[in-house]
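Worksheet: one structure, shown below.
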Amino acid sequence: MNMIIIKDLFANLAILVSLLLLYAQVTKGTPLHQSSSIKRKIIVGLIGGLMANILMQYGMHIGNTLIDLRHIPLILLASAGGSVSVLIAMVLVIAGRLLIGLNLSALISITFIVSVTVFSIFVSKTGISRTVKTIIMVTFANLYFSGIAISLIQDKTFLFQLIPLYWGISYLGGFVSFHTIDLLRKSQMMLERYKTESETDGLTGLHNVRHFEEMFKQLVNEAASKNQPLSLLYVDIDFFKKVNDTYGHSEGDAVLKQLSEILQKSVRSTDIVSRNGGEEFTVILADCPLTMAAEIAENIRRRVEGNVFRLSGGESIHVTVSLGIASSQDKPMHPSTLLESADTALYEAKNSGRNKVCIA
């Protein structure tokens, strides 16, 4: 392999990886898979067809023969999402090739792309792994190209140079593409997981205190700008230390999980429930006047009081909660002021007998 081919190969691989990076970024929220919506498959098919056309413009010259990696995006589409996306990409590739010119070379190229597409669709419907599908599809493309080359090129010496080079370049393109997109998807999933974990309480699945603080400030400011009421509930389990001391921390965790479920079922779908640490929870009630917040708080108190908390050892216990309410109904309040007011109301509830609701 001479230096020109090596340079062309690296240039094509760089273009391919760059296009895959762009594709992964565009589709990171909804990557292509077999159950994707038709709209998603059409969009990704258009992107794949564009990628293939770009690769077609950067062919590698081996003697008088021009080879490229236009089939790789189609194979990736077929292995990930099935027929719709790859058919759309195929049409774009054919259109792109016809724009270059209609001749014998164009007809051969179109036949190659159609054959690879049809075979890839067939393989995509099998139950084998995506890795094996990709290998089989690339191998078919290599075999098909080899058959075309053997039927058209009389120079056997050149064939012995061309065919191994094409197979190597094609496999390398497929390998790099598959592992690039696989690595990008894993990285995106990991980032999303870290983001979720940074915002979520690991025990209950509720928002954690960090995410609560971010959302609370934002919602307080939005309520002030829209002149809407916003209420905040502070919820604390009464004598929770006694539960931990009597039954153990694992059983205390079971109580916290069950309480989090009660809280979520007792509020509106738009309300934001968070665990702020230990046995303390908060509920942000956007566009909620004080009277409605008091009703929601009392509903929570009654539900918790009447609930039977099941422990893993088979025992059942009852717990109660105290709640403090603060509201910005009458006038806009600074987030810290609203927090302090709700906290003060909570302590009033606990200091005046517990299992009750107090309003700041």
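The values are calculated or read from the model by the stated rules, or taken from the named source; none is laboratory data. Here the structure is a predicted model, which means the values were calculated and not measured. So basically every Cβ, Gly included, is an ideal-geometry build from the backbone, and we count neighbours across all protein chains shown. With ligands, DNA and RNA removed, areas are computed over all heavy atoms of the protein, side chains included. Shrake-Rupley method; radii C 1.70, N 1.55, O 1.52, S 1.80 Å.
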For this session: Please report, to two decimal places, log10 I(q)/I(0) for the chain at q = 0.08, 0.13, 0.15 Å⁻¹ as given by the Debye formula with identical point scatterers on the Cα atoms and no solvent.
Result: -0.62, -0.91, -1.11
For this session: Find the accessible area per residue for region 259-321; the probe is 1.4 Å, ligands and nucleic acids are left out, and the unit is Å².
Result: 46
For this session: Tabulate in residue order the Karplus-calculated ³J(HN,Hα) for region 10-20, using 6.51 cos²θ - 1.76 cosθ + 1.60 with θ = phi - 60°, rounded to whole Hz; enter x for Gly and Pro.
Result: 5, 5, 5, 5, 5, 4, 4, 5, 4, 5, 5
Seminar exercise, completed: The helix 290-306 Cα axis meets the longest alpha-carbon principal axis of the chain at an angle in degrees, between 0 and 90 and rounded to 10, of 90
Exercise. What ratio of Cα Rg to 2.2 N^0.38 Å holds for region 89-130?
Worked result: 1.40
For this session: Quick one: what are the phi-derived ³J(HN,Hα) couplings along region 163-180, Karplus 6.51/-1.76/1.60 with θ = phi - 60°, whole Hz, x for glycine and proline?
Result: 5, x, 4, 5, 4, x, 5, 5, 5, 4, x, x, 4, 4, 5, 4, 6, 5
For this session: Collect residues whose amide H, placed 1.01 Å from N in the peptide plane, falls under 5 Å from the amide H of GLU280; neighbours closer than 5 in sequence don't count.
Result: none
For this session: Would you mind getting the accessible area per residue of region 171-234, heavy atoms of the protein chains only, 1.4 Å probe, in Å²?
Result: 59
Exercise. Given the rule -39500 (n - 2.57) for each run of at least 4 DSSP H residues, summed and divided by the residues of the chain, what is its mean residue ellipticity at 222 nm, to the nearest 500 deg cm²/dmol?
Worked result: -22500 deg cm²/dmol
Problem set entry | Packing-based ranking, highest mean first, of 186-199, 136-149 given that Cβ atoms within 10 Å are counted | 136-149, 186-199
Exercise. Per the Kirkwood formula on distinct C-alpha pairs, the Rh of region 230-309 is how many angstrom?
Worked result: 13.1
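Assuming a viscosity of 0.890 mPa s and a temperature of 25 °C, what translational diffusion coefficient in µm² per second does Stokes-Einstein assign to region 57-169, Rh being the Kirkwood radius over Cα pairs?
Values: Rh = 14.6 Å.
It comes out at roughly 168 µm²/s.
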Exercise. When only C-alpha pairs under 8 Å and at least 6 residues apart count, what is the relative contact order of region 197-253, in percent?
Worked result: 19
For this session: Quick one: angle between helix 335-351 and the longest Cα principal axis of the chain, in degrees between 0 and 90, rounded to 10, please.
Result: 50
For this session: For region 217-360, go through all pairs of different Cα atoms, get the mean of 1/r, take its inverse, and jot down that Kirkwood value in Å.
Result: 15.4
Exercise. When you count, for each residue, the other Cβ atoms within 10 Å and take the mean per peptide, how do 49-55, 77-83 rank with the highest first?
Worked result: 77-83, 49-55
Seminar exercise, completed: Relative contact order as a percentage, the chain, C-alpha pairs under 8 Å and 6+ apart, gives 13
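Over all distinct Cα pairs, what is the inverse of the mean 1/r for region 1-120, reported as the Kirkwood hydrodynamic radius in Å?
Value: 14.8 Å, from the Cα pair sum.
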Seminar exercise, completed: On the accessible surface of the chain, probed at 1.4 Å with all protein chains in place, carbon and sulfur together account for a percent value of 60
For this session: Could you do me a favour and compute the accessible area per residue for region 1-83, 1.4 Å probe, result in Å²?
Result: 47
Exercise. Using unit Cβ charges (K, R positive; D, E negative) and no other charged atoms, how large, in debye to the nearest 20, is the dipole of region 200-327 about its Cα centre?
Worked result: 180
Exercise. With the contact rule set at Cα under 8 Å and sequence spacing of 6 or more, what percent relative contact order holds for region 158-292?
Worked result: 29
